[in-house]
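The values are calculated or read from the model by the stated rules, or taken from the named source; none is laboratory data. Just so it is clear, the structure is predicted and the values come from calculations on it, not from any experiment. Please note: Cβ atoms are built from the backbone with ideal geometry, for glycine as well, and neighbour counts cover all protein chains shown. Just the protein is used for accessible areas: all its heavy atoms, side chains included, with ligands, DNA and RNA removed. Shrake-Rupley method; radii C 1.70, N 1.55, O 1.52, S 1.80 Å.
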Amino acid sequence: MPPRFLPERDRDLYRDASAMSIGICIVGVSFGALATSAGLPWWIPVAMSFLTYAATSQFAMLAVVMAGGGVLAGLAAGVLVHLRHIPYGLAVGNLYWDKWWTRVLGTFTLIDQSTAFALAAGDDRRRAKAAYWITTTIMFVAWNVGTVIGVLAGGFIPDPNVFGLDAAFPALLLALVMPALKDRDTLLAALVGAAIAAATAPFLPTGIPVLLALAGLLATWPRRKPKEDAA
């Protein structure tokens, strides 16, 4: 019998995750190429992608290093951006919190896409668990393959953002969470969070507006229900 954490076959999940992995791979190519063009040895971006598996945090660290900041400053930037995974774990951690090794593996592979796919499954725990593991496995392979290709190609790879490929990820993630936005409180939190992120993005470093957007959850703070009129 295969290990319990392995997902059951689900064609649409494989299809959707595979489609998104193309974009992830392209962004990985960009990361590998930018890292080598910045003068980093080939093994550093490869090791970062394999051992940290945190695209946004890796780009944040790379940006600091390329701007002349030290390694410690780059690590601090990466960790700060990665703090958004704390609420992610609270939302989907129950899907892999079975054994010690699935906890380690599930925590390590927790990313935006796997969280979105799992949450999109709603109350169907089997499908949510399958979505989490299918997505995170496919994305891990795509991200690391893309990084290696970027390292090999060096500085000859154009920036994918020029073609607007960076917009594909927010668009797909929005499509995944659209069903949840039917709930009034969820929609309110999303709108407030988006407004905060949009207002602070021009002034703050990459990743910080996303963290501040979590304040949108305060909009759904439990409100005291009015007391019923006495009969």
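Points to keep in mind about this one:
- Scanning the range 43-102 for residues that are farther than 30 Å from Leu152 by Cβ, open to solvent by less than 50 Å² (accessible area, probe 1.4 Å) and not in a helix (DSSP H, G or I) returns Arg84, Tyr96.
- Of all residues in the range 83-110, those that are under 15 Å from Thr135 (Cβ atoms) have Cβ atoms under 7 Å from Cβ atoms of residues that are surrounded by 15 or more Cβ atoms within 10 Å (Cβ to Cβ) and of a type in the set (Val, Ile, Thr), 6 or more apart or on another chain, in Tyr88/Thr115; Ala91/Thr115; Val92/Thr115; Tyr96/Thr102; Thr109/Thr136.
- For beta carbons closer than 9 Å, sequence separation of 6+ or different chains, a first residue in the range 135-150 that is farther than 16 Å from Trp43 by Cβ and open to solvent by 60 Å² or more (accessible area, probe 1.4 Å) and a second that is outside any helix (DSSP H, G or I) and of a type outside the set (D, E, K, R), the qualifying pairs are Thr137/Pro7; Thr137/Thr109.
- Meets criteria (modelled with pLDDT of 65 or more and over 20 Å from the mean Cα position of the chain (by Cα)) for Gly193: no
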